[in-house]
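Inspection log for the structure reproduced underneath, given as structure tokens.
The values are calculated or read from the model by the stated rules, or taken from the named source; none is laboratory data. Quantities reported herein were computed from a predicted structural model and do not represent experimental measurements. All Cβ positions, glycine included, derive from the backbone under ideal geometry; neighbour counts span all protein chains shown. These area figures cover heavy atoms from the full protein model, side chains too; ligands, DNA and RNA do not enter into them. Shrake-Rupley method; radii C 1.70, N 1.55, O 1.52, S 1.80 Å.
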Amino acid sequence: MATPTTARSDAGLPPELADAKRDEKSLRGFLHGLPGVDQVGVEQRAAGLATRSIKKASKLQAIDMAIAMVDLTTLEGADTQGKVRSLCAKARHPDPERPDVPQVAAVCVYSDLVATAVEALDGTPIGVASVATAFPAGRVARDIKLADVKAAVDAGASEVDMVIDRGAFLSGRYGQVFDEIEAVKAACGDAHLKVILETGELVTYDNVRRASWLALLAGGDFIKTSTGKVSPAATLPVTHVMLQAVHDWHTATGELRGVKPAGGIRDTKTAIRYLVAVREVAGPQWLDPNLFRFGASSLLNDLLMQRRTQLEGHYSGPDYVTVD
């Protein structure tokens, strides 16, 4: 494990966190010293919070909040500049007939399409996020991963979504994963770094907790559940574990870090369940696009249809919203 190079100073970290970054042995000791996750407890709490209902006025507010938290995403081999421009137009004006609809938080694309998205979103506050580090598998040499990040940032990406080396993590090579996240963070410059854990491959909640803390220690601005290419992707219990990690990190350090569930969140009802979890597990402060995002492609359409239903009193079908 190399000497830490993250841009954040370790000076303000509590001694136990600063010590965890000292070497491989210390990092392993810290991660395996974290309290175990009560599987039954976290699943019951997630299920219980998911049953909560909200009033009509609050539902409209929640829908607008969710829209503003969407990372509108296209990550397909058949993506074209034209498709990205269309996606950016939708990001700018999600419902052209209703100018009061919030813009989304960001558009997420592959690194070779970042320049197209930057041009299409010029003059707006909408971020351009790029997946990197050989997304989704991450199975290439580190210098290639860092070149991927540099290409995205040089093209104008304001956010980078990297994937961790799950093979290294599951083999217990925590220092290798830590060093790679640090190196990517350094390569990001001013761009924010989201660290994709690919929780569907981590098997246990304890591993999700360890990976979350590892990413936070290494300098990730966000921890993200999934690439969307592996099943299961985002789940409420997994997101609870990650929300608890950023809450506990804030308690320990005073620093605010974000969470991004991605993959499988397709409808308004599910999105609102995640917002309830954010409020109850991390806290109301995280109900902000700077601290919570949805990685999604089809979710926005349902949010727009449900928003019209709330305002007009009847269901508007998919013909009333643009197709991704």
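For the chain, the normalised intensity computed at q = 0.10, 0.11, 0.14, 0.15 Å⁻¹ comes to -0.55, -0.66, -1.07, -1.22 (log10 of I(q)/I(0), Debye sum over alpha carbons, equal scatterers, no solvent).
Within the same chain, lysines fewer than 8 places from LYS21 are excluded, and of the rest, those with a Cα less than 28 Å from its Cα are LYS145, LYS150, LYS185, LYS194, LYS224, LYS260.
Here's the picture: charge each Lys and Arg Cβ at +1 and each Asp and Glu Cβ at -1 in the stretch 37-312, and of GLY219, ILE164, HIS240 the one pushed furthest to the positive end of that dipole is HIS240.
Express the carbon and sulfur contribution to the solvent-accessible surface of the chain as a percent, rounded to the nearest whole number, probe 1.4 angstrom.
Numbers: 6950 of 13540 Å².
Ligands and nucleic acids excluded, carbon and sulfur reach 51 percent.
For the chain, adding -39500 (n - 2.57) for each run of n ≥ 4 DSSP H residues and dividing by the number of residues yields -14000 deg cm²/dmol at 222 nm. Axis angle, to the nearest 10 degrees, between helix 299-312 and the longest C-alpha principal axis of the chain: 40 degrees.
Rolling a 1.4 angstrom probe over the protein heavy atoms, how many square angstrom per residue are accessible across the chain?
Numbers: 13540 Å² over 324 residues.
Result: 42 Å² of accessible area for each residue.
Of the residues THR124, THR199, THR133, the one that moves most in a GNM of the chain with alpha-carbon contacts below 10 Å is THR124.
Once the piece of chain linking HIS32 and ALA18 is laid out straight, how much longer is it, given 0.36 nm per residue of separation minus the C-alpha distance between them?
Values: separation 14, 0.36 × 14 = 5.04 nm, distance 1.59 nm.
Extending this stretch completely gives an extra 3.4 nm.
Dipole of the chain, Cα-centred, from +1 at each Lys and Arg C-beta and -1 at each Asp and Glu C-beta, to the nearest 20 debye? Display every interim value, and only then the final one.
On the way: 36 positive and 40 negative charges, 144 e Å.
Dipole magnitude for the chain comes out near 700 debye.
For the stretch 214-264, the ratio of Cα radius of gyration to the globular rule of thumb 2.2 N^0.38 Å stands at 1.15.
What shape does the stretch 4-140 take by its C-alpha gyration tensor, where a ≥ b ≥ c are the square roots of the eigenvalues and a/c under 1.5 counts as rounded, a/b above b/c as prolate, and the rest as oblate?
oblate
For the stretch 261-288 and the stretch 297-314, compute the distance between their C-alpha centroids and round to whole Å. The two parts, judged by their Cα centres, are 17 Å apart. Taking a straight Cα-Cα cut-off under 19 Å and skipping sequence neighbours fewer than 8 places away in the same chain, the lysines within cross-link reach of LYS59 are LYS269. The spacing between the stretch 209-234 and the stretch 127-203, judged by their C-alpha centroids, is 11 Å. Every Cα-Cα pair in the stretch 141-263 was counted, and those over 19 Å apart are 44% of them. Please state the shape class of the stretch 267-313: rounded when a/c is under 1.5, otherwise prolate if a/b exceeds b/c and oblate if not, all from the C-alpha gyration tensor. Prolate is the answer for the stretch 267-313, as a/c is 1.5 or above and a/b outweighs b/c.
What fraction of the Cα pairs in the stretch 88-190, stated in percent, has a spacing above 23 angstrom? Show your work: numbers first, answer last.
Numbers: 1845 of 5253 pairs.
Summing the P(r) of the stretch 88-190 above 23 Å gives 35 percent of all pairs.
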